[in-house]
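**Student:** Below is a structure I'd like to ask you about.
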Amino acid sequence: MIHRLRHLSFETKLNLGIIAIITAMALALLPFVASITKEALLEEHRKRGLELASSLAARAIDPLLALDFLRLRDLITETREVAYIFIQDRAGRIVVHSFGPDFPLELASANQASLQNPLKVQPIDNGLERLDDIAALVRVHDEPLGTVRLGISRASVSLTLNRLLSTLMTIFLLGLVGASAAATIFARTITVRLDQLQARAEALRLRHVTSPFPPPPPVLPQDQHDEFSALESAFTSMAEELDARMEELLEAQRRLAEQTRLLTTVLDANPDRICLRDTRMIYHAANEAFCQAVGISKTALPNKTDFDLFPEDEAERRHLEGRDVLSSGQRMERHEKEDTPHGPRWFHVIQIPVRGENGQIRGLLRMDRDITAMKDYERQLIQAQKIESLGKLAGGVAHEINTPLGIILGITQLLLDDVAPDSPMADDLRTIERHTQACRKIVADLLEFSHASTSEKVEMCFNNSVMEAITLVRHTFSLDQVTIATDLDDSFPIIYGDPEELKQVWVNLLTNARDALPEGGLIAVRTTLLRDAGAVRLEVADTGIGIDAATITKIFDPFFTTKPVGQGTGLGLSVSYSIIEKHKGHIQAQSPVPKDFPWPLPIDPDRYGPGTIFTVTIPLDHASLEENHGPHPRP
Ligand SMILES: Nc1ncnc2c1ncn2[C@@H]1O[C@H](COP(=O)(O)OP(=O)(O)OP(=O)(O)O)[C@@H](O)[C@H]1O
Ligand SMILES: [Mg+2]
């Protein structure tokens, strides 16, 4: 019931409240008023009866003394507004009465007045109605002469009382209707203003929900100055304040969203793998690079753990490492090698605990930077330094022994002129001459390697230089069942270089390839113009025995050879390296040959090894490139 009342409108509640109050007041007051009024009326009624009885008693003295029954009868007859009246003599006999022929005898003794109590009222019930019987003693100087008795009906009192009550009831009902109407009007004035307030509140709410075209909030009328208008102005200033705060909040929200977008863009543009885990090691966010590496979408990542993303061993390792960083609170950095489908790669891993405002650790940030290229450069740098120091040493030694060797060779040749050509001495001298010349070649190579020799650079056609070297060796190689297939760039790139030195490099590469093909096979020579890089590239690939991973790091070292003594000095590649370096180029080796290498001729499966590919890159002659606005035309 109370629950239902709560849902009634304010107007109904006010009306019901007023009705309840008035009804309660009426119910409480009416019986009280009725009883007091009744008592007062009865008192008044008795008083009138007593006065009437006293007056009758006084007027009855003479007739009673004179026993004038006629006057006594007249006295009774002219008395009005009484239910009955009779007069008794001193002995109590009924002298006259207003009843018909039958006088109710029991009434005679129902009430008696005396000298002590000359006026006496006695309520009686005659079975039809309640009456007040009044006995008034008729006396002369304390000598009783008789009694006047009269009965007054209470019916008139009840009638008056009923009339009064019905009037009160009518007033109460009219009051109820009037109060209800007044309450309705009053409630309306309040609810109208409440409705206005509500409409304004709703308009303000919609202003921030239905942007960009919010309706202006209605202005509340300020024609009244009561508590309600105070509430309205308080509400208005609160709403304005709220509105301003809301604007600020929305602006802050917009800025935050923009910053988040910017941050996401920056993170996604970053090639490092970046991810964020919470203290329970559950992933919260990551950038595009991380998701791509792991093979998961950004939306699917949240709530995943390492065990959902990585093989068990790696997940275990990552998990424990992360835990260590969280428990120590210290940043952790290290280099880590990872086996990927594209070969082994090196990563610089950084793990940082992320702290909240109060300095408490809230999560763990991990960044994996691919440093494979840096590691390669590092290795190459070490190699270059090693070669440089060896080169200096070798250059010094070569320079020192070059002159004695020249003297030995000169004297040997002079002696040869002096002895008979077919003498045993001449044979020995020729052997000395041959070996001395071999030594001079080594010395020349060493001087070349140590940059001690001078070179003459000219504008030259790259393809022609390569073809000259091929022509030089092609016939000899064919005797060893080695075929050279070429695929030269059509645009005939021009470089600025020393033709003799470069030819020496190409011959070195071709000779090494031939040596790697003891059973014969294919050597592919490819040139490509790298227009964007402003360079030309040469690739010499063979189908030979290949080079293992441990050896390939040493092949550019001076005197490193895998060939038997007397067959290789181990200087070919180191000399080639320094020549290419002098041309500001780059040389590198890779084994086995990548599967997608475009062999110009079909490969013989019987004579097919893992093979090696040497790649040389030399910058183009930019002057000639600019002059011609492009590569040279075919001659
Ligand atoms: N195409 C290739 N295939 C396999 N191994 C090679 C190839 N090219 C070079 N090598 C390896 O690199 C080593 C060094 O080569 P490098 O040319 O410097 O010296 P070399 O050929 O041994 O002697 P030389 O001074 O006579 O050239 C070789 O001994 C060989 O083991
Ligand atoms: Mg060689």
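**Student:** Could you grab me the full set of residues in the stretch 378-398 that are out of contact with any Pro (no Cβ under 9 Å at 6 or more places or on another chain) and buried (at least 17 other Cβ atoms within 10 Å of the Cβ)?
**Tutor:** Within the stretch 378-398, GLY395, ALA398 meet the criteria.
**Student:** Taking the stated definitions as given, is THR553 under 26 Å from THR483 (Cβ atoms) and modelled with pLDDT of 90 or more?
**Tutor:** The answer is no for THR553.
**Student:** Still on this structure: Pairs under 8 Å by beta carbon, first residue closer than 15 Å to GLU539 by Cα and in contact (Cβ under 8 Å) with a residue 40 or more places away in the chain in the stretch 496-524, partner more than 10 Å from ligand 1 (Cβ to nearest atom) and of a type in the set (Gly, Ala, Ser), six or more apart or different chains?
**Tutor:** LEU502/SER465; TRP506/SER465; TRP506/ALA469; LEU510/ALA469; LEU522/ALA485; ILE523/ALA485; ALA524/ALA485
**Student:** Mind counting the residues in the stretch 540-584 that are closer than 21 Å to ILE470 by Cα, more than 12 Å from ligand 1 (Cβ to nearest atom) and not β-branched (Val, Ile, Thr)?
**Tutor:** Looking only at that region, the number is 1.
**Student:** For the stretch 77-109, which positions are assigned to a strand (DSSP E or B) and more than 22 Å from LEU65 (Cα to Cα)?
**Tutor:** If the condition is that a residue be assigned to a strand (DSSP E or B) and more than 22 Å from LEU65 (Cα to Cα), then TYR84 is the only one that fits.
**Student:** Just the residues that are in a loop (DSSP other than H, G, I, E, B), within 12 Å of ligand 2 (Cβ to nearest atom) and either surrounded by fewer than 15 Cβ atoms within 10 Å (Cβ to Cβ) or aliphatic (A, V, I, L, M) (or both), please, taken from the stretch 563-584.
**Tutor:** LYS563, GLN567, LEU571
**Student:** Filter the stretch 498-526 for residues that are under 60 Å from the mean Cα position of the chain (by Cα) and among the hydrophobic types (A, V, I, L, M, F, W, C); which is surrounded by the fewest Cβ atoms within 10 Å (Cβ to Cβ)?
**Tutor:** By that ranking, first place goes to VAL525.
**Student:** If the requirement is being modelled with pLDDT under 95, charged (D, E, K, R) and closer than 27 Å to ASP604 by Cα, which of these qualifies: ARG474, ARG526, ARG440, ARG434? Give the derivation first.
**Tutor:** Numbers: ARG526 fails: modelled with pLDDT under 95; ARG440 fails: closer than 27 Å to ASP604 by Cα; ARG434 fails: closer than 27 Å to ASP604 by Cα.
The match here is ARG474.
**Student:** Among the listed residues ALA533, ALA485, which satisfies the condition of being surrounded by fewer than 18 Cβ atoms within 10 Å (Cβ to Cβ), within 28 Å of PRO592 (Cβ to Cβ) and modelled with pLDDT of 95 or more?
**Tutor:** Among ALA533, ALA485, only ALA485 is surrounded by fewer than 18 Cβ atoms within 10 Å (Cβ to Cβ), within 28 Å of PRO592 (Cβ to Cβ) and modelled with pLDDT of 95 or more.
**Student:** Does LEU447 satisfy the criteria of being surrounded by 15 or more Cβ atoms within 10 Å (Cβ to Cβ) and either assigned by TED's automatic domain parsing to the domain that holds ILE407 or not in a loop (DSSP other than H, G, I, E, B) (or both)?
**Tutor:** Here the answer is yes, as LEU447 does meet what is asked.
**Student:** Let me ask something additional. When you scan the stretch 243-258, do you find a residue that is surrounded by 11 or more Cβ atoms within 10 Å (Cβ to Cβ) and at pLDDT below 80, even just one?
**Tutor:** yes
**Student:** Before we move on, is SER109 closer than 14 Å to ASP133 by Cβ and not β-branched (Val, Ile, Thr)?
**Tutor:** So SER109 passes the test.
**Student:** Same structure, new question: Hey, among SER98, SER109, SER114, which residue is surrounded by 15 or more Cβ atoms within 10 Å (Cβ to Cβ), touching a residue at least 12 places away in the same chain (Cβ under 8 Å) and of a type in the set (Ser, Thr, Tyr)? Spell out the reasoning first.
**Tutor:** Numbers: SER109 fails: surrounded by 15 or more Cβ atoms within 10 Å (Cβ to Cβ); SER114 fails: surrounded by 15 or more Cβ atoms within 10 Å (Cβ to Cβ).
Of SER98, SER109, SER114, the one residue that is surrounded by 15 or more Cβ atoms within 10 Å (Cβ to Cβ), touching a residue at least 12 places away in the same chain (Cβ under 8 Å) and of a type in the set (Ser, Thr, Tyr) is SER98.
**Student:** Kindly indicate the residue of the stretch 516-544 that is more than 14 Å from ligand 2 (Cβ to nearest atom) and in a loop (DSSP other than H, G, I, E, B) and also nearest to ARG379 (Cα to Cα) among those meeting that condition.
**Tutor:** The qualifying residue nearest to ARG379 (Cα to Cα) is ALA533.
**Student:** Another question, then. Please state which of the following conditions GLU626 fails to meet, knowing it meets all the rest: (1) away from ligand 1 (no atom under 14 Å from the Cβ); (2) modelled with pLDDT of 60 or more.
**Tutor:** In the conditions (1) away from ligand 1 (no atom under 14 Å from the Cβ); (2) modelled with pLDDT of 60 or more, GLU626 misses (2) alone.
**Student:** Would it be correct to say that SER98 is farther than 12 Å from ALA53 by Cα and touching a helix residue (DSSP H, G or I) at 6+ places or on another chain (Cβ under 6 Å)? Break it down into steps so the answer makes sense when it comes.
**Tutor:** Working: farther than 12 Å from ALA53 by Cα: yes; touching a helix residue (DSSP H, G or I) at 6+ places or on another chain (Cβ under 6 Å): yes.
Here the answer is yes, as SER98 does meet what is asked.
**Student:** Let me ask something else about it. Quick one: in the stretch 456-512, of everything that is among the acidic types (Asp, Glu), part of a loop (DSSP other than H, G, I, E, B) and more than 16 Å from ligand 2 (Cβ to nearest atom), which residue is nearest to HIS583 (Cα to Cα)? Don't jump to the end; show me each part of the working.
**Tutor:** Narrowing the stretch 456-512 to residues among the acidic types (Asp, Glu): 456, 459, 468, 480, 487, 489-490, 498, 500-501.
Going one step further and asking which of them are part of a loop (DSSP other than H, G, I, E, B), we end up with 456, 480, 489-490, 498.
Imposing the further condition that a residue be more than 16 Å from ligand 2 (Cβ to nearest atom) reduces the set to 456, 489-490, 498.
Values: GLU456: 11, ASP489: 20, ASP490: 23, ASP498: 8 Å.
The residue in question is ASP498.
**Student:** Search the stretch 350-361 for residues that are free of Cβ contacts under 8 Å to residues at least 60 places away in the same chain and pair each with any residue that is not hydrophobic (A, V, I, L, M, F, W, C) when their beta-carbon atoms are under 6 Å apart and the residues are at least 6 apart or on different chains.
**Tutor:** ILE350/GLU333; GLN351/ARG366; ILE352/ARG331; PRO353/GLY329; GLY356/ARG362
**Student:** Looking only at the stretch 350-361, count every residue that is within 18 Å of GLU321 (Cβ to Cβ) and touching a Gly at 6+ places or on another chain (Cβ under 9 Å) and tell me the total.
**Tutor:** 4
**Student:** Something else now. Would you check if PHE228 is surrounded by 10 or more Cβ atoms within 10 Å (Cβ to Cβ) and either assigned by TED's automatic domain parsing to the domain that holds ARG366 or basic (Lys, Arg) (or both)?
**Tutor:** Taking the combined requirement at face value, the residue does not satisfy it.
**Student:** Sticking with this one: Could you tell me how many of the residues in the stretch 303-339 are surrounded by 13 or more Cβ atoms within 10 Å (Cβ to Cβ) and either assigned to a loop (DSSP other than H, G, I, E, B) or under 27 Å from the mean Cα position of the chain (by Cα) (or both)?
**Tutor:** Residues meeting the conditions: 14.
**Student:** When you go through (1) in contact (Cβ under 8 Å) with a residue 60 or more places away in the chain; (2) under 23 Å from ILE152 (Cβ atoms) one by one for ILE18, which number turns out not to apply?
**Tutor:** Condition (2) is where ILE18 drops out.
Here is a yes/no grid of residues against (1) at pLDDT 85 or above; (2) within 30 Å of THR167 (Cα to Cα); (3) surrounded by 13 or more Cβ atoms within 10 Å (Cβ to Cβ):
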site	(1), (2), (3)
THR12	no, yes, yes
HIS45	no, yes, yes
GLY49	yes, yes, yes
LEU64	yes, no, yes
LEU70	yes, no, no
ARG73	yes, no, yes
GLU78	yes, no, no
GLU81	no, yes, no
TYR84	yes, no, yes
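**Student:** Between a first residue in the stretch 255-275 that is under 14 Å from LYS298 (Cβ atoms) and a second residue that is part of a strand (DSSP E or B), which pairs have beta carbons less than 6 Å apart while being 6 or more apart in sequence or on different chains?
**Tutor:** Correct list of pairs: LEU267/ILE274; ARG273/ASP368; ILE274/MET367; CYS275/ALA286; CYS275/ARG366.
The values are calculated or read from the model by the stated rules, or taken from the named source; none is laboratory data. None of these values were measured; they are calculated from a predicted model. No Cβ is skipped: glycine too gets one built from the backbone with ideal geometry, and neighbour counts run over all protein chains shown.
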